[in-house]
Amino acid sequence: MSISRRIFLASGTAMAVVAVGELSKKAPVLAQTGTVNLYSARHYDTDNQLYQSFTKKTGIKVNLVEAEADQLIERIKNEGANSPADVYLTVDGGRLWRAKQAGILQPVSSQVLTSAIPASLRDPQGFWFGSIASGTGDCL
């Protein structure tokens with residue numbers, strides 16, 4: 001998997017661990033900076049435990065930027081090519097479609113994500129991945 005600084009994934013709780021774990025293994029930029037910039041529209045207490053566990057396991061700090069999904073899309077568009085965002089996390093499939101249409105997503109080629117997530121829950125070109133986590137209907 002080749003990941004550049006401008007890759008945005010959207011992920012539910014179950015796949016956030018897989019996606020961020022995949023980032024830590026394959027992204028030289030993250031290893032160089034020691035930080036992953038996560039733009040999240042999710043507001044669940046359990047997410048902070050995931051981020052802390054990720055940092056403990058990898059040594060890579062999670063820099064969390066929280067806002068509503070549409071605000072994050074606009075922020076990324078406004079930041080343009082200089083956006084520090086590495087991951088875009090949301091619970092709304094419609095927002096993923098809008099993000100893709102806005103041109104702020106880049107495709108990810110990941111055997112881990114492809115094998116873990118059914119085709120019906122991922123973009124055919126790899127721009128986003130979805131999950132139904134804990135019955136909440138979260139989308140990647």
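Measuring with a 1.4 angstrom probe and ignoring ligands and nucleic acids, residue 40 comes out at about 0 Å² accessible. Full extension of the chain between residue 115 and residue 33 gives 26.6 nm of extra length, using 0.36 nm per residue less the Cα-Cα distance.
Residues whose amide H falls under 5 Å from that of residue 61, counting only those 5 or more places apart or on a different chain, are 35, 36, with hydrogens built in the peptide plane. With the simple model of a label 7 Å out from the Cα in the direction of the Cβ, residue 92 to residue 63 spans 2.6 nm. Here each label is just a point 7 Å from Cα along the line to Cβ, and for residue 49 and residue 102 those points are 3.1 nm apart.
Each peptide in 91-99, 55-63 receives the mean, over its residues, of other Cβ atoms within 10 Å, and ordering these scores from highest gives 91-99, 55-63. For residue 131, the residues whose modelled amide H falls within less than 5 Å of its own, excluding neighbours fewer than 5 places apart on the same chain, are 12, 139, 140. The calculated Kirkwood hydrodynamic radius for the stretch 45-96 is 12.5 Å, given to one decimal from all distinct C-alpha pairs.
The values are calculated or read from the model by the stated rules, or taken from the named source; none is laboratory data. The model shown is predicted, which means the values in this text are computed figures rather than measured ones. Because the Cβ atoms are built from the backbone with ideal geometry, glycine has one as well, and the counts that use them run over all protein chains shown. What goes into the accessible areas is simple: the full protein's heavy atoms, side chains included, and nothing from ligands, DNA or RNA. Shrake-Rupley method; radii C 1.70, N 1.55, O 1.52, S 1.80 Å.
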